[in-house]
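Asks: Quick one: structure below, then a few questions.
The values are calculated or read from the model by the stated rules, or taken from the named source; none is laboratory data. Only a predicted model underlies this, so the values are computations on that prediction, with no experimental measurement involved. Here the Cβ positions follow ideal geometry from the backbone for every residue, glycine too, while neighbour counts run over all protein chains shown. What goes into the accessible areas is simple: the full protein's heavy atoms, side chains included, and nothing from ligands, DNA or RNA. Shrake-Rupley method; radii C 1.70, N 1.55, O 1.52, S 1.80 Å.
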Amino acid sequence: MKAMISFSNRMMQRYMPDPFLLVIVLTFFVIGLAIVMTDSTPVQILEYWGGGFWNLLEFSMQMVLIVVTGHVMASSPFFKKLLGNLASVPKSPGQAIILVTLVALIACWINWGFGLIIGALFAREIAKKVDGVDYRLLIASAYSGFIIWSGGLSSSIALTIATPGHFTENLIGVVPTSETLFSTLNLVIVIGLIILVPIINRLMMPSKEQAFLIDRSILEEADDMQAGTVDHTEMTPADRLENSKVLSLLIGVLGLSFLGFYIVTNGFSINLNIVNFLFLFIGIILHKTPKLFLEAVTISVKSASGIIVQFPFYAGLMGIVTASGLAGILSNAFISISNEETFLMFTLWSAGLVNFFVPSGGGQWAVQAPVMLEAAENLGVSLSKTAMAVAWGDAWTNMIQPFYALPALAIAGLKAKDIMGYGLVIMFITGFFISAVFYFL
């Protein structure tokens, strides 16, 4: 294990570019694949790329807000104390790695957006409390919890096919979550990963001499910058409004009232918009005044710069892969070597490959569903299991896909190459486990 991790980290540190450069390289790679493997002309591919460039604007804004509102909420005195107290539980680096991983796994199972932010923020707090813990592995452990999201309560594919009127209803019908999220197959994978991933992360711990330690003063200085102050000199009427606790409390109560109404009418159907809504209004209340809240927002926005620039390029990639038919060609390549016994496993692998070019669970399902469901029906394979194979394929290779790691990296102040070496090891080991479950169950 030590040799594997050392090799993996060296490779990623040496060859893993900045995520922005990576998406540029991926863009030219996908353009080349589309020219060679599809009937599309270069002009058409250029049109697909430019035409798809802004298709993820809503999702991009959601991701920006989840970073900003998560930062703002965590920078409040209440959450600093809460996370700080929880971070005092582990007494050794090994305990710290295991606890961060478990918290991230459980939080991502509940909701992936919530889990990404909470895991990274908790890891930061632990870094300030536990001596000798490797900071890069700590953040990688927080991100590793994301592997479970497609089998959790916010699984886009499982929730989509459980909703009447979804676009594949004519092929698969309306599939209840009892056949997807709460099926024996999915529960075996989820429980297995909750046991396996913390063990993997613990085994990847370097020796004390090789541990990458963060200067705690850097983290504390960043927190101090977000503390915010109130000028108690004579205030104008406008200043009084900016420092009004009553205004923040009233708008906060209004927001939480809507959340209560939403839960009563929709149940605990949590999505990114609801998570952002929750984080936003809790942040407003906890910072007490509009001025302190806005100061925290101003500082937090800096962490979202990578998302703002990079997500349109991934949308362009999706435009090429979808419109050119490249995703279908890649999927059919796996189908051509499949039989009744191996189909689900190859579906998992094909989804893992397509995920590099279409890093969106819902978007990937839209691209692969028609091809995979038709093949599954022809082979007599369970359609609900086929859907979950695509879902888990999307989650599995996210361990080395920096698209979703950007929020955690922004909070941690690290680069993708700092954690992707660990992610590569996690991907290989968990990929073997998930593949085995789909093959045997």
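Asks: Simple spin-label model, 7 Å along Cα-to-Cβ: residue 178 to residue 308 in nm?
Replies: Those two pseudo-labels are separated by 4.8 nm.
Asks: A further question on this structure: Gain in length, residue 333 to residue 440, computed as 0.36 nm per residue apart minus the alpha-carbon separation, to one decimal in nm?
Replies: Full-extension gain reported as 36.3 nm.
Asks: For the pairs 129/415; 91/208; 129/302; 81/208, note any where the Cα-Cα span goes beyond 27 Å.
Replies: Going by Cα-Cα distance, 81/208 fall outside the 27 Å limit.
Asks: Assign unit charges at the C-beta atoms only (+1 for Lys and Arg, -1 for Asp and Glu), then state the dipole size of the chain relative to its Cα centre in Debye, rounded to the nearest 20.
Replies: Rounded to the nearest 20 debye, it is 1060 debye.
Asks: Name the residue farthest towards the positive end of the dipole of the chain from the options 217, 259, 304, assuming +1 on Cβ of Lys and Arg, -1 on Cβ of Asp and Glu, about the Cα centre.
Replies: My answer, from the dipole projection, is 217.
Asks: Expressed in nm to one decimal, what extension gain is obtained for the pair residue 244 and residue 106 from 0.36 nm per residue of sequence separation less their Cα-Cα distance?
Replies: 46.0 nm
Asks: Right, another one. What size of dipole, in debye to the nearest 20, comes out for region 140-294 about its Cα centre when the only charges are +1 on Lys and Arg C-beta atoms and -1 on Asp and Glu C-beta atoms?
Replies: Here the size comes out at about 380 debye.
Asks: Okay, next question. Extension gain residue 37-residue 377, at 0.36 nm per residue separation less the Cα-Cα distance, in nm?
Replies: Contour length minus the Cα-Cα distance gives 119.8 nm.
Asks: First compute the accessible area of the chain with a 1.4 Å probe, then give the percent of it belonging to carbon and sulfur atoms.
Replies: Answer for the chain: carbon and sulfur cover 68 percent of the accessible area.
Asks: Next question. Please report the relative contact order for region 245-332, taking Cα pairs under 8 Å with a sequence separation of at least 6, and give it as a percent rounded to a whole number.
Replies: Over region 245-332, the number comes to 32 percent.
Asks: What percent do you get for the relative contact order of region 75-224 when only Cα pairs under 8 Å and 6+ apart count?
Replies: It comes to 28 percent, rounded to a whole number.
Asks: Within the chain, which DSSP H helices have Cα atoms that stretch 18 Å or more along the helix axis and a mean Kyte-Doolittle hydropathy of at least 0.0?
Replies: 19-37, 57-74, 93-110, 112-127, 184-203, 245-266, 272-286, 305-323, 361-379, 383-396, 416-440
Asks: Related question: Run the helix sum for the chain: -39,500 (n - 2.57) per DSSP H stretch of 4+ residues, divided by residue count, reported at 222 nm to the nearest 500 deg cm²/dmol.
Replies: -23500 deg cm²/dmol
Asks: Considering only protein heavy atoms, what per residue accessible area in square angstrom results for the chain with a 1.4 angstrom probe?
Replies: Value returned for the chain: 44 Å² of accessible area per residue.
Asks: Could you tell me how far the Cα centroid of region 283-324 sits from the Cα centroid of region 129-171, in Å?
Replies: Here the answer is 19 Å between Cα centres.
Asks: Any idea what log10 I(q)/I(0) is at q = 0.22, 0.25 Å⁻¹ for region 89-183, Debye with uniform C-alpha scatterers and no solvent?
Replies: Each listed q corresponds, in turn, to -0.93, -1.09.
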